[in-house]
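What follows is one structure encoded as structure tokens, with my remarks underneath.
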Amino acid sequence: MTDDRQQEEAAGGAWARIEAWLGQNAPRCYRMLPPPAPEADILEVEQELDLTMPPGLKAFYRLRNGTGHPADFGWTPEPETGLPLQGQGTAWLLPRKHAIPPVQQLPYWAEGPHTVGMPVDPAMRYLAFAATDRSCLYGLFTDCTPGPGYGRIGTFEEAGIPTLGVWPSFADYLIEVADALYENRGVEYADGHQDKKVPGLVDQALVWDRPTRPTDPDWTRFA
């Protein structure tokens, strides 16, 4: 089995665990998950940005075109998706309230995701694939530059220097998210520190927050 295939299967398996958790515990999030991204749209984005999406992230998009309703990102769903025109704001279900947008929207995030951090190397390709809100000022990116670092996950923030090596791959990120959900804890990063924000529920939707000082007064820690 090739490494690409292993990454695809690992990402798909981890996402299936996350969906199973959502279906059982956060049904409002689960109901708003979109259908798969069209293969032609994935290819079009790769061609437009002159990069190859890592296999784990591509496998995710072949299952779901984002983590929630396109309208949560300011994107009107295409008629063929069969989705209602309005979302419910449930897309921001990943730790630290990150969300993955429809694949068609990737070229419009952070002035073009290959410019995250404005790298001086024209051959560098950083693909921002998750953010904390529509502005895409804070989020996650993956290194799509050919070479030994291909597929690594990093973080970026407004006016900050992108940080690589937060997770070795998108599959590793999803596996950690799934483990944190089922173990009812914050995610653990590659450097060993653990996030203090843990899974909880707001009106049957998954929201990660601090147990001592939650942002939403209706937030209830999952138990």
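The values are calculated or read from the model by the stated rules, or taken from the named source; none is laboratory data. Model, not experiment: these values are computed from the prediction. Here Cβ is always computed from backbone atoms with ideal geometry, including for glycine, and neighbour counts include all displayed protein chains. Only protein heavy atoms, including side chains, enter the accessible area calculation; ligands, DNA and RNA are left aside. Shrake-Rupley method; radii C 1.70, N 1.55, O 1.52, S 1.80 Å.
Within segment 183-209, the set of residues being in contact (Cβ under 8 Å) with a residue 60 or more places away in the chain and either hydrophobic (A, V, I, L, M, F, W, C) or more than 21 Å from Arg31 (Cβ to Cβ) (or both) comprises Gly186, Val187, Asp195, Lys197, Leu201, Ala205, Leu206, Val207, Trp208. Among the residues making up segment 69-100, those that are part of a loop (DSSP other than H, G, I, E, B) and either closer than 24 Å to Leu181 by Cα or at pLDDT 95 or above (or both) are His69, Gly87, Gln88, Gly89, Thr90, Ala91, Trp92, Leu93, Ile100. Quick one: is Gln105 open to solvent by 70 Å² or more (accessible area, probe 1.4 Å) and at pLDDT 90 or above? No. Kindly establish whether Thr212 is more than 30 Å from Gln24 (Cβ to Cβ) and either in a strand (DSSP E or B) or open to solvent by 20 Å² or more (accessible area, probe 1.4 Å) (or both). So Thr212 fails the test.
Residue-wise test of (1) under 20 Å from Arg17 (Cα atoms); (2) under 15 Å from the mean Cα position of the chain (by Cα); (3) open to solvent by 50 Å² or more (accessible area, probe 1.4 Å); (4) of a type in the set (D, E, K, R).
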| position | (1), (2), (3), (4) |
| --- | --- |
| Thr142 | no, yes, no, no |
| Pro148 | no, no, yes, no |
| Ile153 | no, yes, no, no |
| Val187 | yes, yes, no, no |
| Gln194 | no, no, yes, no |
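In segment 152-170, the residues that are modelled with pLDDT of 80 or more and part of a helix (DSSP H, G or I) reach residues that are among the β-branched types (Val, Ile, Thr) and buried (at least 21 other Cβ atoms within 10 Å of the Cβ) with C-beta atoms within less than 7 angstrom, at least six apart or across chains, in these pairs: Phe170/Thr142; Phe170/Ile153. Taking (1) more than 13 Å from the chain's Cα centre (by Cα); (2) at pLDDT 90 or above; (3) of a type outside the set (Ser, Thr, Tyr) in turn, Arg125 satisfies each apart from (2).
Within segment 4-61, restricting attention to residues that are of a type in the set (Lys, Arg) and within 25 Å of Gly147 (Cα to Cα), the residue that is surrounded by the most Cβ atoms within 10 Å (Cβ to Cβ) is Lys58. Taking the criterion of being under 15 Å from Asn184 (Cα atoms) and assigned to a loop (DSSP other than H, G, I, E, B), the residues of segment 195-209 that qualify are Asp195, Lys196, Lys197.
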